[in-house]
Amino acid sequence: MFASCSIHSREYTPQELCMRFAEALVEGYGVDADKTTLLDYYEIHLVLVGNPDGRKKAETGLSWRKNANNNYCSNDNRRGVDLNRNFPYNWAPPTVSECSLSYPSTSPESEPEMIAIMNYMRSIFPQNQRVFSGTSTLCNDSC
């Protein structure tokens with residue numbers, strides 16, 4: 001199992017939920033049969049913060065969603081790329097301006113955060129296990 005918990009920097013709750021999930025698994029190991037089974041038979045990988053530069057912006061009080069890439073909508077509080085829309089799976093060319101909150105970048109997997117996440121996923125899952133929502137391939141044949 002892989003979970004990227006906080007890709008949008010202003011969303012604090014997913015990170016906390018993933019932390020609590022990890023704590024519950026660790027504290028329940030050897031005590032709770034379900035948690036012990038999960039840890040004994042499955043790999044669980046959690047990325048608690050997938051957007052550290054955006055998170056730093058959000059923690060200043062800005063309602064920051066994207067990463068802080070200054071190449072798009074430069075020197076503006078709307079700059080950056082929406083990392084959720086930068087995954088290679090189902091990526092589509094931008095139909096919105098660079099300053100839009102949902103700007104996906106000019107190509108899939110273009111951002112350093114996304115490159116790191118995708119490289120990590122490729123390293124932990126063999127090609128035949130790369131699925132998205134249980135049915136479609138996570139990425140194209142080049143993955």
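Within segment 11-25, one or more residues are without any contact (Cβ under 8 Å) to a residue 24 or more places away in the chain, closer than 30 Å to residue 85 by Cβ, of a type in the set (S, T, N, Q) and in a helix (DSSP H, G or I).
Of the set (1) under 16 Å from residue 114 (Cβ atoms); (2) open to solvent by less than 30 Å² (accessible area, probe 1.4 Å); (3) outside any helix (DSSP H, G or I), all apply to residue 73 but (1). The selection criterion, being among the basic types (Lys, Arg), assigned to a loop (DSSP other than H, G, I, E, B) and under 28 Å from residue 123 (Cβ atoms), holds for residue 66.
Return the residue satisfying two criteria in turn: it lies in segment 29-39 and is out of contact with any Lys or Arg (no Cβ under 8 Å at 6 or more places or on another chain) and over 16 Å from residue 2 (Cα atoms), and of such residues it is surrounded by the most Cβ atoms within 10 Å (Cβ to Cβ). Here the answer is 35. For segment 81-117, a residue qualifies if it is open to solvent by 60 Å² or more (accessible area, probe 1.4 Å) and of a type in the set (Asp, Glu), and exactly one does: 98. Checked across segment 122-131, the condition of being open to solvent by 30 Å² or more (accessible area, probe 1.4 Å) and either β-branched (Val, Ile, Thr) or modelled with pLDDT of 95 or more (or both) holds for at least one residue. Among the residues of segment 36-52, those that are of a type outside the set (Phe, Trp, Tyr) and either part of a loop (DSSP other than H, G, I, E, B) or free of Cβ contacts under 8 Å to residues at least 60 places away in the same chain (or both) comprise 36, 37, 38, 39, 40, 43, 44, 46, 48, 49, 50, 51.
The rows are residues; the columns are (1) farther than 14 Å from residue 114 by Cα; (2) in contact with a helix residue (DSSP H, G or I) (Cβ under 8 Å, 6 or more places away or on another chain); (3) of a type outside the set (Asp, Glu).
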{"residue": "3", "(1), (2), (3)": "no, yes, yes"}
{"residue": "11", "(1), (2), (3)": "yes, no, no"}
{"residue": "15", "(1), (2), (3)": "yes, no, yes"}
{"residue": "25", "(1), (2), (3)": "yes, yes, yes"}
{"residue": "35", "(1), (2), (3)": "yes, yes, yes"}
{"residue": "50", "(1), (2), (3)": "no, yes, yes"}
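The values are calculated or read from the model by the stated rules, or taken from the named source; none is laboratory data. Keep in mind that what you see is a predicted model, and the values were worked out from it rather than measured. Please note: Cβ atoms are built from the backbone with ideal geometry, for glycine as well, and neighbour counts cover all protein chains shown. Just the protein is used for accessible areas: all its heavy atoms, side chains included, with ligands, DNA and RNA removed. Shrake-Rupley method; radii C 1.70, N 1.55, O 1.52, S 1.80 Å.
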